[in-house]
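Read through the structure below, which is laid out as structure tokens, and then see the notes.
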Amino acid sequence: MSDKYLWDRSEPADPGIQRIEHLLGEFRLSRKDAPTVRRAWIPQAMAACLLAGFALWQTTAPAPEPLPAWKADGRALATGEIVRTAGTTSMVLFADSIGRIEVSPSTELRIAESRVGRHRFDLRAGTIHALIWAPPQQFEVDTPSARAIDLGCQYTLSVGANGEGVLDVETGWVAFLHKGRESFVPAGARCLTSNASGPGTPFLRDAPERFIKAVTDFDRRPSEEALRLIVDNATTRDGLTLWHLLTRVEGAQRLAVFRRFAELVVLPSEVTPQQVLQSDAAAIDLCWNALGLESTEWWRGWRRNW
């Protein structure tokens with residue numbers, strides 16, 4: 001059938017079309033009513049369209065993300081505000097979607113930045129204990145000698161009067177960095193930081209005292225004697241420390257560290273001393289993966305332009 005009948009009735013109608021016209025005929029407007037009804041219909045249709053559009057926008061438009069607010073004792077804290085505690089008092093800062101910060105006595109903490117996706121504090125002196133449940137990298141704490149970047153964790157961070165600090169990680173990971181020097185600190189590990197060199201070499205908190213002293217001595221004043229004590233006293237559990245040293249010493253010192261590392265950790269056959277001596281990134285990554293902590297793919301996945 002041609003569709004000309006539907007446009008100008010120039011051809012015979014199809015019987016089916018005629019039946020439909022007959023059924024709908026009872027709804028046809030009379031000539032005298034048509035203009036009035038048409039004029040009344042226009043604003044109603046426009047209102048209906050507006051209502052439908054608004055309803056669609058309400059259901060599809062993303063709800064605005066609420067501005068996160070840190071609070072203490074029920075009071076909202078403003079960006080730039082400084083929290084100070086006296087020698088015998090403490091305070092708790094809380095943000096629903098971010099975490100909880102316990103501020104110890106004799107502490108000075110400044111809210112440097114607080115917005116959706118980024119929360120940065122300045123710890124000028126004293127101690128905080130942070131429990132963070134926000135996604136990794138949204139919470140950072142600056143100290144005079146390093147920045148602690150949360151990778152999903154719970155940790156304690158202290159700053160002394162001289163600006164040097166101590167980071168103790170209880171759960172998860174913290175990236176500790178300053179001027180291109182990085183330390184990756186897992187649960188159970190500690191990392192010291194100094195104004196002279198930034199974040200030090202991480203070590204397990206329960207390592208033997210002799211090993212810890214050798215590590216801290218080497219960080220403060222690198223020497224052949226301190227490095228020899230580290231290498232001689234390292235156990236399988238100290239692979240984290242040795243790996244960081246692989247990236248911080250060179251030449252014969254790096255070779256000595258690598259040989260001890262290879263004795264304590266099962267390395268892939270493709271990793272060779274020559275590759276490590278040449279700072280081959282792939283080989284050093286494989287050394288890290290052999291520790292059985294988290295793969296380099298994991299922590300590099302969270303890295304950004306720090």
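Quick one: is residue 185 under 19 Å from residue 160 (Cβ atoms), crowded, with 23+ Cβ neighbours inside 10 Å and under 20 Å from the mean Cα position of the chain (by Cα)? Answer is yes for this residue.
Put simply, of 271, 249, 257 the only residue that is in the same structural domain as residue 230 (by TED's automatic domain parsing), assigned to a helix (DSSP H, G or I) and either at pLDDT below 95 or among the β-branched types (Val, Ile, Thr) (or both) is 257. Among the residues of the range 228-244, those that are part of a helix (DSSP H, G or I), at pLDDT 95 or above, in contact with a helix residue (DSSP H, G or I) (Cβ under 7 Å, 6 or more places away or on another chain) and over 15 Å from residue 286 (Cα atoms) comprise 229, 230, 231, 233, 238, 241. Being closer than 21 Å to residue 143 by Cβ, touching a residue at least 24 places away in the same chain (Cβ under 8 Å) and surrounded by 23 or more Cβ atoms within 10 Å (Cβ to Cβ), is that true of even one residue in the range 203-213? Checking the range 203-213: at least one residue is closer than 21 Å to residue 143 by Cβ, touching a residue at least 24 places away in the same chain (Cβ under 8 Å) and surrounded by 23 or more Cβ atoms within 10 Å (Cβ to Cβ). Going by what's in this entry, would residue 161 be described as in a loop (DSSP other than H, G, I, E, B), surrounded by fewer than 17 Cβ atoms within 10 Å (Cβ to Cβ) and in contact with a Lys or Arg (Cβ under 9 Å, 6 or more places away or on another chain)? Considered against the rule, which asks whether it is in a loop (DSSP other than H, G, I, E, B), surrounded by fewer than 17 Cβ atoms within 10 Å (Cβ to Cβ) and in contact with a Lys or Arg (Cβ under 9 Å, 6 or more places away or on another chain), residue 161 comes out as no. Residues in the range 86-131 that are farther than 18 Å from residue 154 by Cα and either buried (at least 18 other Cβ atoms within 10 Å of the Cβ) or among the hydrophobic types (A, V, I, L, M, F, W, C) (or both): 86, 107, 111, 112, 114, 116, 125. Do we find that residue 288 is within 25 Å of residue 206 (Cβ to Cβ), modelled with pLDDT of 95 or more and among the aromatic types (Phe, Trp, Tyr) in this structure? Judged against the criteria, residue 288 is not a match. For the range 196-217, taking the residues that are assigned to a strand (DSSP E or B) and not hydrophobic (A, V, I, L, M, F, W, C), the one that is nearest to residue 240 (Cα to Cα) is identified as 199.
The values are calculated or read from the model by the stated rules, or taken from the named source; none is laboratory data. Keep in mind the model is a prediction, meaning the values are calculated, not measured. Glycine gets a Cβ as well: all are built from the backbone with ideal geometry, and neighbour counts include every protein chain shown.
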